[in-house]
Every structure is written in C-alpha cells, then in structure tokens.
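Asker: Following this message is one structure expressed as structure tokens.
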Amino acid sequence: MPAIIDNVDLTNCDREPIHIPGSIQSHGCLLACDGSVSVVRRHSVNTAAVLGLEGREINGRMLDELIGERATHDIRNAVARWGNLARPGLLLDVKLAHSPGTFNIAVHRHQGIHIVEFEPSINAETPPPLELARLLMGRIGQIAELDALFDSAARLLRAALGYDRVMIYRFAHDGSGKVISEARRSDLESFHGQHFPASDIPQQARALYLQNTLRIVSDSSGERVAIEPAIDASGEPLDLSFAQLRSVSAIHCEYLRNMGVGASMSISIISGGVLWGLIACHHYEPRVLPMEKRIAAEMFGEFFSLQLEALIQKSRIESSARARDFLDRLMQNISPHGEVEDLLRDSVPDFTRLLPCDGIGLFINKTWTTFGSVPPMVAVPALMAFIRSVGEGGVWATSALSERLPGAEDYRAEVSGVLAVPLSQLPRDYLLFFRKEVAQTVNWGGDPNKRYESGPFGDRLTPRRSFAIWKQEVERQSQPWLSSERDAAEAARMALVEVVMRHGELLADERHKAELRQKMLNEELNHRVKNILALIKSLVSHPVEQGRSIEDYVTSLKGRIQALSLAHDQVIRGGGGGGLRELLEAELSPYQDHTAGITLDGPDVLLDARAFSVLALVLHELATNAAKYGALSVRNGRLSLQWQRNAPGDCEVHWLERDGPRLRPMAKPGFGSMLIGRSIPYDLGGESEVDYEEEGARVRMLIPGRFVTWPMSQAKQSIPVDVADHTPQTSMRGLGILMVEDQLLIAMDVQTMLAREGAATVETASSVKEALHGLTIFHPDVAILDVNLGSGNSLPVAHALLSRNIPFVFATGYGDTSLIPPEFGHVPIVRKPYDVTALVAALTVAMGKQG
C-alpha cells in the first residue's frame, strides 16, 4: 500500500516537461532532419523495423537514401507549401523505397528542425478526409442553439470515428471541467453532468492544447519508443510540441488506465483565443485512429469552435438587444427636464426583470435604494468600498461573496452572490444584483481533492483510482452568474452610463440613437458571421486528388460551396425550395455578357429543398465546365436549356451547348464530371445522361415528380402516391435500437431521425460480425437490418434476433426482395432512402407482431 504524504509541496503534474518526452508512441516512427530536409540527425529506435531499414545506419544518412527520391521530393514540397508554420503538412498513402506497404506522413518545422513522422497506412474503408469533414460539418452548420450543437457533435463524432465514448467537456473559470454532452456505448456508465477538478489537466498540457489542437493516445499501456540521441550536440532535447506521435505523460497514462481507458483522443475547443473546453474521445481497448479520420476530426474541431463562437456572439448580441430594449422602455418614463436619478430610484424593482436575482441595490450620489433580499444597512459602506476596489470600471461578479469579503459571512444566507454594474466612468455609483445562498450538491468524477502519494514514479501527485461519483455539498455560494447574464449586465452598463451622462436629451432623440445602435449591432453580427464563413472555406482547402493543383481544387471547392450557399439562401427565403428558372438565372448570370446567347425555355416549376440543393451543385459543375472548355468559354458560343413536364409528372431538363470549342474525349472523368453524372440518380433516384459530343456537351436530367411542384394549370388534379397505412404508431421514446448498415452517412441520418423521435439508444454496426458481437453486450428492443451489406447480407443477424425474440425490420434500396427467404416473409420491409414516418410505422408493425 502506498505511503500517504500529507505535508509535501510537489507539483509534478504542472512541472512535467511533456513537450520533450524523449520518446514517441509505438504506432509509427520519427526522423528529425536538418533545415534543408536532407540529412537525418535523430530517429526513433523503431525506425529500421518500421521502414524496412534493418542493418542500416540512420543518423547522418541522406533522407532520400533511406526512403527514396520520390518520397523525399514530396516531403520537401509539403514543407514548401506549409512554410514555417508549426501545423504539419500531410501526405497520404506514400510508397517508400525499402518497405512493401504505404505510409501516411506528417512533416513540420519547429526550432529549425524538420520532424517527419511515418505511420503505416491502415486499410480501412474510410471516406476521404474532406468528404468526412464536410459530412460532419454539414450536420452542425445550421444548428442555432448551443445545447443542440453539443448533443449533435458528440453523437456525430462517435458515429463517424467509432470511439466507445465521446464527451463535450467545458472548463469553468477556476479551471475545473464539466461534461455537458455525451454519446456512449450503451453498456457504459454515464459521465454526463459530472465535474472534474482542474488538476486533471495540468497547465502545460492546457498550453499544448492551444498549440496542437488534436492529441491521440493509441495505447495507454503501450511502450514508449526512445529518440536517439536523446540530447543533441548542443545539449538540447527534441521538442515534440507539434508532433502527432509524441509519447504521453506516464502520469496521464496511469490516469487513463485507472479509468479503464485503453485509447483516447482530445480535440481542442478554442473560443476567443482561449481554451473553452475539449471534445474527449475514449475507447476501452487500444486503438489507432487512421490519419484520414484524424484530419477530418481536426477540421471538424476547428469548425465546431467557429460555430460555437458564432452562437456565443449571437447570444451576446441578443442579450445586448434585450437589455437595450428594456432600458429604452424604462427611459420612456423620464420627462425632458426630469432627473434620471429619480427615475432609476423609482425603477429599482423593475430591474429584477433584467437579470434573475433575489434583490437589487442602487447606490447613486451616496444614496442607497433597495428591493428584495439585500445586505443590512450597516454592511453597505464596507461592501461598496470592496466593490470599488475590485470593479476596475467594468461589470464584476462573484457567487461566493463571503470568500472574498470576510464580513459578508454575517449575511451570507440573504446575500452570497453579487453582480456589480458601474453607472459612471468613475468608481462611484453602482447598480447591484444580489442572489441568496443556495446549498448545492456537485457530482465529481471521483474525489477532486488530490492526495500526495509515493507512486510507481516517485513522490508526486498520483492519479486517483476511483471515478465513482463523489458528492460534495457546497455552501456559502449562490447560483453562478452565467456568461449570458454578464453580457446582459455589460449591455446595461453601457446604456446606463450613456443615459446618466446625457440624461438631458429628449426622449425622441434617444430613441433614434437606440435604433442606430441596434443597427450597428446587427451589422457587426453580419460582419462576424461573414468572417467565420471565410474561415470555414479555408478549413476545406486541402488537396486530396493526386496530380491536381491545390489552386484548381480549392477554386472548384469554393465554387461548390458558393452554389450550395445560393441554394441554402433560396431554401430559407422561399420556405423550403425554389424555382428552377430562378436557379438557372442565378447560376448563369455571370456569363450573360460573355457569350452569343443563353436560352431558357420551360414552364414554371418549383423544386423542393433536396432537389434544389442537388441541382444547384450539378448546374454549377455544368456551367463551370462550359466556361472552361465549352460554349461559355468563347464569344460566339450558344447554350440552350429546355425543360418540360412528362406524363408521370417528372421534370425533364435538356442542356445543349453549340458553337464552342471542339470537345475531346476525356481520358478519365474527374470529380466534377462524376458529380454531374451521379448526383441526380444517387440522391434523387432520377436520371442523368451526359454526352460530350464533338460539337458540344449534351446533357439530359430527369427530376422525379415527388421532388417538383407544377402550377395547377399544368398539374393533374390528383396524382396517386403511396400512402402509409393507418396503423397506430408506437412511440420510440426510451427504446434501444440496433441498426445494421454499412453506409456511414445513412446510419448517421437514421440515428438523428430516431433520436428526434425519442429513442434512448441507437447502436450501429457496419458488418455481421460487429452486429453479432454487439448483441452480446446490448439487448435492443427492436432492430433495423440492411439486407445487402455489400460483401454479404444481414440474414445471420436476423436469425440471431429471431432466436432472442427481438423484433426487427428489413431495409433495402433494391427493387426486389429475392434475398429475403420465405421464413422471414412476415418481417416488415422499409424502403431506402429512409422516411421517418415509414420507418417508425414499420418498427411499430414489427413490435406489434412480436407481441
């Protein structure tokens, strides 16, 4: 049993030099090169084994001798692109000279040294980083509420990255943290709502989280691979602050093992240049997350931080507007020649509507006016002297006044929290909001009071071993003052100071100025949102396709974002969709003055939101190609667009280019061409026929009738559609659901659908093996089985569910059901793409039959 040491002043956690550990994690290797990326100066001792260099000297050798000229050339190009930035350049699936496999490579420059990290490529069916990042970012880009942002982010990341637990962790002013959102494996205990002490994350680790926004631990029990030599000729260790493979503090690894965690990943949440919190991912066995997913996770983390900052800024502006509106109404009661002091004294009870509080105190011109629960009169002089000493001219607040002002202990039951709003530029007059003492119970993830012990690494703070909920009764405190309340108080301060300074102005003039100030606030919000969108564009400016210039890729990607932005704007303004003609005019308007003629011919037709967004992308690609290679690239070029309604009610669109440059057959279709040919069939179930004739491009597109609306003069009076039966639907609330689906995007969509319907848990599995294993630890109430899983079918899972008496439905995107044997003829079938109403109805039928 370790010896407890009571009176020691050890701060190993805060002093541990975690940026120079002298070692890396074992799932890759590292080379440290000179300033020209030519000569290797240091290496990790596993380099020879990882890169196939057994028997070779490494330090002092030329880099191209060790890994090949082509790989060295690519690494130097990556360094040139990224310059002296500490963020690494990334290369995927690189072939090296002496190894049969491929590697993912990260290279960065720090303190004049180029650090090159190699990780063997993991052959996993992982979407390209940009595709996965855009998928995740698209899911949270339109969220307007903070709680919804936190819940969605945790759930999406767990589905996309496969960790057992994903938590959103927010830091308090004292450095402690609280889990505010969580997505976890169903058999794990919940950490949601638990607090963790500030000492769990030392100060130097917080500093690194600001510099290096993503940190992985692949094996908390794994070996540490030494760097050789540990000290260079000048006596300096290798600084690995920005290295992805940097080994982990032994103290932190012990902490993770005490929690039962085998692997982890942390994504920094940064707001206003400050570490706001972390996205913490835990896995309960060792796990190496592929670099492709790490890239996507890092991009998502930066987007999440921007979205968080935008919503916080929006909340601040809304708080300011509410405070301004309140004060404007208050000022309506003052006469042109009245005294503002008298109005404020008479309005003290009304200030309780500005912020939640138990009492109000107004100290103005040495006069004390109160309402509600306030300090006794005898305590006011000491309280005001204290407020003046700490206020510094701005809003100041505490929820534990007696800890800051000892005399406040005598009246802590009536006043434990105070928020002070100065009413003048000099520390003289104040509006004070008071809150009573509230006894609280705080749930900590283990005892937050760290004990000094002699552990396996010497005398230091040894991580606690128990993470069971440790309840702490907190007294002498009020409810805390929220950031939004502080923002409202600051808005009130600005308004009140101005009113006090200019109280002689006429009411009409004051109203006019308030309107101007509100307009400026709105313009500021608009400006900030535009800046954030510009930053978002830069997040997705990474090259993916080999042989394609970065500039060309980024230009294409930004154009596609602009097309989606146009579609989104029309969807919002149009209440859920838009007109085909208006979309065409907007997309082709830049080319009207540069070509012989653009002809649009067709009846009025409306597209729903989904078809509008898909067609916006397709038309953007067609217009871009025409402007580069086709009819829109020359003065005498002609473009004809015709559309019509066919018998079933579909919309058939014909794109025809003539009098442009002669087209040559494409050797290999690019992403844009594939998008043109596949988007409508894949996303809408329609048709696309693309023919690059020598005279010009000819494209036929068919938009199914369910996505379009024709004016009554063109539409039939009634069109038969499939109507769901009137089976009463069972509520999904509280149900545990298993979904077997091999497509990540579809699985995430269904998770979101069912979560909105109240499902407690939606566990996903992408293969039969994963599903059968899941059934050993999770007993669902009902299941959804995709019949065709690509490499096989889900029938073994169906047999396992049948044997356990668990109801289920089949899902299929194929026309026939020949894969389903007769013994499962009673099982309901739902068609893909999923419709939430049809899916819930099918699950209801399944559970009814089983009952």
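Asker: Suppose accessible area is computed on protein heavy atoms with a 1.4 Å probe; arrange PHE810, PHE386 from highest to lowest.
Answerer: On the way: PHE810 0, PHE386 30 Å².
Accessible-area ranking of PHE810, PHE386, largest first: PHE386, PHE810.
Asker: Among GLU490, GLU223, what's the order by accessible area (1.4 angstrom probe), most exposed first?
Answerer: Sorted descending by solvent-accessible area, the residues read GLU223, GLU490.
Asker: Region 301-410: which trypsin sites (Lys or Arg not before Pro) are DSSP loop and have at most 12 other beta-carbon atoms within 10 angstrom?
Answerer: LYS366
Asker: Per-residue HN-Hα couplings for region 360-375, Karplus 6.51 cos²θ - 1.76 cosθ + 1.60 at θ = phi - 60°, whole Hz, x for Gly and Pro?
Answerer: 10, x, 10, 10, 9, 6, 6, 10, 10, 10, 9, 8, x, 7, 9, x
Asker: Rounded, prolate or oblate: pick one for region 595-642, where a ≥ b ≥ c are the square roots of the eigenvalues of its C-alpha gyration tensor, a/c under 1.5 means rounded, and failing that, prolate if a/b is larger than b/c, else oblate.
Answerer: Cα axes put region 595-642 in the oblate bin.
Asker: I'd like the distance between the alpha-carbon centres of region 636-657 and region 351-404, rounded to an integer number of Å.
Answerer: Region 636-657 and region 351-404 have Cα centres spaced 71 Å from each other.
Asker: Given H placed 1.01 Å from N in the peptide plane, which residues other than close sequence neighbours of LEU789 have an amide H under 5 Å from its amide H?
Answerer: It is SER794, by chain and number.
Asker: Further question: Per the 1.4 Å probe, what fraction of the accessible area of region 152-311, in percent, lies on carbon and sulfur atoms?
Answerer: Carbon with sulfur: 50 percent of the solvent-accessible area.
Asker: Could I ask something else about it? Ordering TRP481, TRP82 from largest to smallest accessible area (1.4 angstrom probe), what's the sequence?
Answerer: On the way: TRP481 15, TRP82 70 Å².
Most to least solvent-accessible, the answer reads TRP82, TRP481.
Asker: Counting only the heavy atoms of the protein chains, how much of ASP650 is accessible to a 1.4 Å probe, in Å² to the nearest 10?
Answerer: ASP650 exposes around 30 Å² with every protein chain in place.
Asker: Another question, then. Once you have a ≥ b ≥ c as the square roots of the Cα gyration tensor eigenvalues for region 296-436, tell me rounded if a/c is under 1.5, and otherwise prolate or oblate according to whether a/b is larger than b/c. Write out the running numbers ahead of the final one.
Answerer: Numbers: a/c = 2.33, a/b = 1.36, b/c = 1.71.
Oblate, since a/c reaches 1.5 and b/c is not below a/b.
Asker: OK, next. For a 27 Å ceiling on Cα separation, which of these pairs sit above it: LYS95/LYS293; LYS293/LYS628; LYS293/LYS314; LYS314/LYS436; LYS95/LYS769?
Answerer: Distance filter (> 27 Å) returns LYS293/LYS628; LYS293/LYS314; LYS314/LYS436; LYS95/LYS769.
Asker: Next up: Going by average Cβ neighbours within 10 Å, how do the peptides 136-144, 64-72 rank, with the highest at the top? Provide the component values of the computation, followed by the final result.
Answerer: Details: 136-144: 16.1, 64-72: 18.6.
Put in order of decreasing packing, that is 64-72, 136-144.
Asker: From a point 7 Å beyond the Cα of HIS779 in the direction of its Cβ, which residues of region 178-192 have a backbone N at a distance under 16 Å?
Answerer: Taking a point 7 Å out along Cα→Cβ of HIS779, the residues of region 178-192 whose backbone N falls under 16 Å are 186-188.
Asker: Also, I was wondering about something else. In whole Hz, what ³J(HN,Hα) sequence does region 258-266 give by Karplus (6.51, -1.76, 1.60; θ = phi - 60°), x for Gly and Pro?
Answerer: After applying 6.51 cos²θ - 1.76 cosθ + 1.60, I find 4, 8, x, 8, x, 8, 8, 9, 10 Hz.
Asker: Using modelled amide H (1.01 Å from N, peptide plane; none on Pro or chain starts), what sits under 5 Å from the amide H of GLY262, excluding residues fewer than 5 places away?
Answerer: HIS283, TYR284, GLU285
Asker: Continuing with this model, one more query. To the nearest 10 square angstrom, what accessible area does GLU757 show with a 1.4 Å probe?
Answerer: GLU757 exposes around 70 Å² with every protein chain in place.
Asker: Now, a different point. Determine the relative contact order of region 352-401: mean sequence separation of Cα pairs under 8 Å and six or more apart, normalised by residue count, in whole percent.
Answerer: Rounded, it is 20 percent for region 352-401.
Asker: Just how much of ASP410 is accessible, in Å², when a 1.4 Å probe is used and the result is rounded to the nearest 10?
Answerer: 140 Å²
Asker: Any chance you could run the full-extension gain for VAL836 through GLU687? It's 0.36 nm times the residue separation minus the Cα-Cα distance, nm to one decimal.
Answerer: Contour length minus the Cα-Cα distance gives 51.2 nm.
Asker: Could you work out the relative contact order of region 18-164? I mean the mean sequence separation of Cα pairs under 8 Å and 6+ apart, divided by the number of residues, in percent.
Answerer: Values: 200 pairs, mean separation 27.5, N = 147.
Relative contact order here is 19 percent.
Asker: Further question: Whole-Hz Karplus ³J(HN,Hα) for region 748-756, in order, using 6.51 cos²θ - 1.76 cosθ + 1.60 and θ = phi - 60°, x for Gly and Pro?
Answerer: 5, 4, 5, 4, 5, 4, 6, 5, 5
Asker: Also, quick follow-up: Can you tell me the FRET efficiency between GLU409 and ARG206 if r is taken as the Cβ-Cβ distance and R0 is 45 Å, rounded to the nearest 0.05? Walk me through the numbers on the way to the answer.
Answerer: Details: r = 33 Å, r/R0 = 0.74.
So the FRET efficiency works out to roughly 0.85.
Asker: If I take R0 = 45 Å and measure r between the Cβ atoms of GLU189 and ILE20 in this structure, what FRET efficiency does the formula 1/(1 + (r/R0)^6) give, to the nearest 0.05?
Answerer: That pair, GLU189 with ILE20, gives E of 0.80.
The values are calculated or read from the model by the stated rules, or taken from the named source; none is laboratory data. Because the structure is a prediction, the values reported are computed rather than measured. Heads up, the Cβs are rebuilt from the backbone with ideal geometry, glycines too, and the neighbour counts pull from every protein chain shown. Protein only, heavy atoms only, side chains kept; ligands, DNA and RNA dropped before computing areas. Shrake-Rupley method; radii C 1.70, N 1.55, O 1.52, S 1.80 Å.
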